[in-house]
Amino acid sequence: MNKLLIGGGTRVSGRVRVSGSKNATLPIMAACLLARKECILHQVPDLDDVKVMEEVLVSLGAKVKRENGTLVINPENINSYELPEYLSRRMRASNLVMGALLGRFGKARVAYPGGCAIGQRPMDIHLKGFREMGYRIDECYGYIEGQAENLVDCEIMLDFPSVGATENLMMAAAVSKGNTVIRNAAREPEIVDMQNFLNRMGARIRGAGLDVIRIEGVSELNGVEHEVIPDRIEAGTFMVLAAASKGDVVIENVVAEHLVPVTAKMRETGAEVIHYNGGTLRVLGKRKLGPVDIKTMPYPGFPTDMQPQMMALLSAVEGTSVIVETIFENRFMHVNELRRMGADIKVEGRVAIIKGKNRLRGATVEATDLRAGAALVIAAVGCEEETIINNAFHIDRGYEKIEEKLGALGVKAVRIAS
Ligand code: EPZ
């Protein structure tokens, strides 16, 4: 069922509740490998990527049970420090177990994660950090092998504020013998959520959310309960959907602070964004929207994971907008698909110039990665005609119950047999 049919001509309106954050859940699931006892995670989204991470943990010997939005992970019988290639290739984020395995066993053997549509996504920053901590890291036959040799107090300077590298190094350092300082650390809210989770387990970490994180290694960590933060990218996606369809949507379960760059950019287009107390916001796309320029940056800049969605919106907003994608070298795969819907977009390297029209036209298109798939849904809703999105499984990797949520907003969204 990899085709998703989206009806057009809808003014999206209604209420939608955002799920737990995929990008907080995946690293925190990996961090459960560090616990001596069972961990209970709440508000875990039911996503294909989460299911892959469950398989990863089970392949290492953990027991994983899902009860609705709650995951119970028991790491007591973990008996392997090796992540096989068939799992490592299925999802880039499976490489997040490396730091936890090094922390727990002092060694790890992880197959190189596959790249993906949006870029090579190497691990050089992760490996340089592990080496600076005193791990011997060898790369052979497509595997990365790590072995504790002489763990020392260290200061690590990340060449780029990599989210995954920051998380991997935090996990290895949390139970290391030494004290670790990570400079030029990623500042995303998911890093703060991981710090909170690890500290609840007994770790001693300070500074997440800023560019310097200080970790005092402890000997062991306990099992805990934790509720992951709401998904700021899912929230942003529905904000753009509301504006693109000139709709009126109330979005529940958001953290306004995590959405500051998205809220600011949406208001710059002319959309009305109202934040209420208690984690709810409302987006009204009534007024005629205008073009804006976007440059994706590490948090708290405009998030790369919202770039495709904004491109879909701006393709149907009269005027010229410019998007610069600074994070991934190949994150314009959605451009060709938007062009099939009539978009006028010129790409020069990491720069896309969008000459917005008053509307796009429905077509048969293909999702190339999860955010590109979300962008096609947004473009489709703003058309009069129906659109069919092939390879819709990409969307399921990052958006829980997408048909249900779109249906609640009045959008016709039907899975059709391939
Ligand atoms: C996380 O990926 C997110 N995934 C991505 O979300 C997100 O786009 C990305 O951070 C940036 O915000 C999860 O959290 C599971 P990075 P991650 O390491 O950690 C380069 C989505 O749509 N780099 O910050 O892999 C890398 O190639 C996904 O939900 C190196 O060169 O991202 C990229 O160009 C997509 N060497 C840039 O840094 C390294 O060792 C940012 O990567 C590591 C990264």
The one condition in (1) within 8 Å of the ligand (Cβ to nearest atom); (2) touching a residue at least 60 places away in the same chain (Cβ under 8 Å); (3) open to solvent by 10 Å² or more (accessible area, probe 1.4 Å); (4) not aliphatic (A, V, I, L, M) that Pro122 fails to fulfil: (2)
Conditions (1) within 24 Å of Thr237 (Cα to Cα); (2) within 16 Å of the ligand (Cβ to nearest atom); (3) assigned to a strand (DSSP E or B) -> Leu4 fails only (2)
Specify which of the listed residues (Ile345, Ile353, Ile323) is more than 16 Å from the ligand (Cβ to nearest atom), part of a strand (DSSP E or B), under 29 Å from Glu188 (Cα atoms) and β-branched (Val, Ile, Thr). Ile353
How many of the residues in region 146-190 are outside any loop (DSSP other than H, G, I, E, B), over 18 Å from Ala31 (Cα atoms) and of a type outside the set (A, V, I, L, M)? 5
Condition met for Glu190 (in the same structural domain as Thr10 (by TED's automatic domain parsing) and crowded, with 19+ Cβ neighbours inside 10 Å): no
I'm trying to understand the selection: among the residues of region 274-287, which are part of a strand (DSSP E or B) and either modelled with pLDDT under 95 or under 19 Å from Gly382 (Cα atoms) (or both)? Arg282, Val283, Leu284
Which pairs have Cβ atoms under 8 Å, sit 6 or more apart or on different chains, and link a residue in region 357-370 that is in the same structural domain as Ile389 (by TED's automatic domain parsing) and closer than 14 Å to Glu337 by Cα to one that is open to solvent by 80 Å² or more (accessible area, probe 1.4 Å) and more than 16 Å from the ligand (Cβ to nearest atom)? Arg361/Glu384; Gly362/Glu384; Gly362/Glu386; Ala363/Arg340; Thr364/Arg340; Val365/Arg340
Name the residue, out of Ala185, Ala244, Ala148, Ala235, that is small (Gly, Ala, Ser), within 30 Å of Pro308 (Cα to Cα) and open to solvent by 20 Å² or more (accessible area, probe 1.4 Å). Ala244
When you scan region 288-308, how many residues do you find that are over 14 Å from the mean Cα position of the chain (by Cα) and either touching a residue at least 60 places away in the same chain (Cβ under 8 Å) or open to solvent by 10 Å² or more (accessible area, probe 1.4 Å) (or both)? 9
Filter region 97-112 for residues that are within 12 Å of the ligand (Cβ to nearest atom) and either open to solvent by 10 Å² or more (accessible area, probe 1.4 Å) or among the charged types (D, E, K, R) (or both) and give the result. Tyr112
Residue match in region 230-250 (condition: of a type in the set (Gly, Ala, Ser), within 21 Å of the chain's Cα centre (by Cα) and in the same structural domain as Arg36 (by TED's automatic domain parsing)): no
Of all residues in region 93-122, count the ones that are modelled with pLDDT under 95 and at positive phi. 2
Those residues of region 39-63 that are touching a residue at least 60 places away in the same chain (Cβ under 8 Å), in contact with a Pro (Cβ under 8 Å, 6 or more places away or on another chain) and under 19 Å from Asn222 (Cα atoms) come to a total of 1
Just one of Gly319, Gly373, Gly342 is crowded, with 24+ Cβ neighbours inside 10 Å and not aliphatic (A, V, I, L, M); which is it? Gly373
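The values are calculated or read from the model by the stated rules, or taken from the named source; none is laboratory data. Just so it is clear, the model here is predicted, and its values are computed rather than measured. Reconstructed Cβ throughout: ideal geometry from the backbone, glycine too, with neighbour counts over all protein chains shown. To get the accessible areas, we keep the full protein, side chains included, count just its heavy atoms, and leave off ligands, DNA and RNA. Shrake-Rupley method; radii C 1.70, N 1.55, O 1.52, S 1.80 Å.
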